[in-house]
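The values are calculated or read from the model by the stated rules, or taken from the named source; none is laboratory data. Since the model is a prediction, treat every value here as computed from it, not as a measurement. Glycine also receives a Cβ, built like all others from the backbone with ideal geometry; neighbour counts cover every protein chain displayed. Remember, those area values only see protein heavy atoms, side chains included, never the ligands or the DNA or RNA. Shrake-Rupley method; radii C 1.70, N 1.55, O 1.52, S 1.80 Å.
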Amino acid sequence: ETGLSSDPPMSWRNPALDEITLISCSDAHSPENLGREANAFNTDLSYQAIIEAIKLKDPEKFLYTIEFYPQEGKYHYDGHRNCGISLSPKETKKYNGICPVCGRLLTIGVLNRVEELADREEGFVPENAISYKSLILLREIIAEALGVESATKGVQKEYKNLIENFDSEFNVLLKASRGDLEKITFPEIAEGILRAREGKLFIEPGYDGVYGKIRIFSKGEQRKLSRQETLF
Ligand SMILES: [Zn+2]
């Protein structure tokens with residue numbers, strides 16, 4: 001189980017894991033987060049069929065996993081929160097693990113440990129790997145497209161509207177076409193859903209206790225969107 005703080009490409013860098021079938025399970029701490037990680041099967045809906053697909057690592061039956069962006073975690077990169085320093089593992093190496101601002105040891109993140117255990121370069125895909133899709137929660141896409149916080153009424157209203165029309169959040173995030181989305185919702189939200197699906201994102205990895213940020217729209221676009229907020 002790859003957990004929220006890692007995804008398949010991080011595990012693929014270690015050949016010792018090639019024989020293992022990686023699965024992705026959602027935590028159930030809060031109902032609205034159910035399904036933020038998941039496994040997509042094409043089998044009968046039975047324990048036997050599902051366990052068989054996992055054991056055999058059969059790509060016809062175990063189609064893909066759904067992943068949360070591990071960069072959103074608080075300890076993905078290395079760094080120092082108080083010094084405002086965030087570094088990739090390669091940069092940390094360049095600084096010998098020492099913070100260039102305060103001269104103390106850097107707080108090391110998850111990716112650095114992956115780098116340490118890796119025998120393969122970043123981006124390596126093993127032959128028998130099950131593929132994956134990285135998703136952003138629909139309410140976060142709506143919030144960013146509307147230029148508001150995700151726990152607001154406007155977001156809830158659009159969320160409900162989309163789910164009622166497409167039956168599930170997965171259908172909205174993974175399947176609905178631009179044309180169909182635009183018939184139901186605002187063009188900015190449709191654009192956000194498409195960009196999230198294609199992975200066209202601005203990613204700032206978390207470090208030393210600071211949550212990472214994933215943005216769909218550039219800062220310039222965000223300013224325009226928040227000016228339109230009164231229209232929604
Ligand atoms: Zn420092």
| said: Exceeding 23 Å between C-alpha atoms, which entries from my cross-link table qualify? They are LYS61/LYS200; LYS153/LYS224; LYS90/LYS213; LYS175/LYS219; LYS200/LYS224. | reply: LYS61/LYS200; LYS175/LYS219
| task | Note down the Stokes-Einstein diffusion coefficient of segment 78-117 in µm²/s, whole number, using a Kirkwood radius over alpha carbon pairs, 20 °C, and 1.002 mPa s. | result | 217 µm²/s
| field | GluC sites (Glu not before Pro) within segment 124-189: DSSP coil, no more than 16 neighbouring Cβ in 10 Å | value | GLU127, GLU149
| task | Count neighbours as other Cβ atoms within 10 Å of each site's Cβ, and list the GluC sites (Glu not before Pro) in segment 27-109 that are DSSP loop with at most 10 such neighbours. | result | GLU60
| query | How much net charge surrounds GLU191 when only the other residues with a Cβ under 13 Å from the Cβ of GLU191 are counted, with Lys and Arg +1 and Asp and Glu -1? | reply | 0
| Want the number for LYS93 to GLU1: 0.36 nm per residue separation, take away the alpha-carbon distance, what's left? | 30.2 nm
| note | Heavy-atom accessible area of the chain with neighbours in place, 1.4 angstrom probe: carbon+sulfur share in percent works out to 51 percent
| message | Suppose the chain between ALA40 and ASN128 were pulled fully straight at 0.36 nm per residue; how much longer would it get relative to their current alpha carbon spacing? | response | 30.0 nm
| task | Out of all DSSP beta bridges with both ends in the chain, state the antiparallel percent to the nearest 5. | result | 70 percent
| said: Amide H of ASN39 versus every other amide H placed in the peptide plane: which residues, excluding those fewer than 5 positions away on the same chain, fall under 5 Å? | reply: ILE66
| field | Helix-only [θ]222 nm of the chain, DSSP H runs n ≥ 4, -39500 (n - 2.57) each, per residue, nearest 500 | value | -10000 deg cm²/dmol
| request: Determine the per residue accessible area of segment 1-135 with all protein chains present and a 1.4 angstrom probe, expressed in square angstrom. | output: 59 Å²
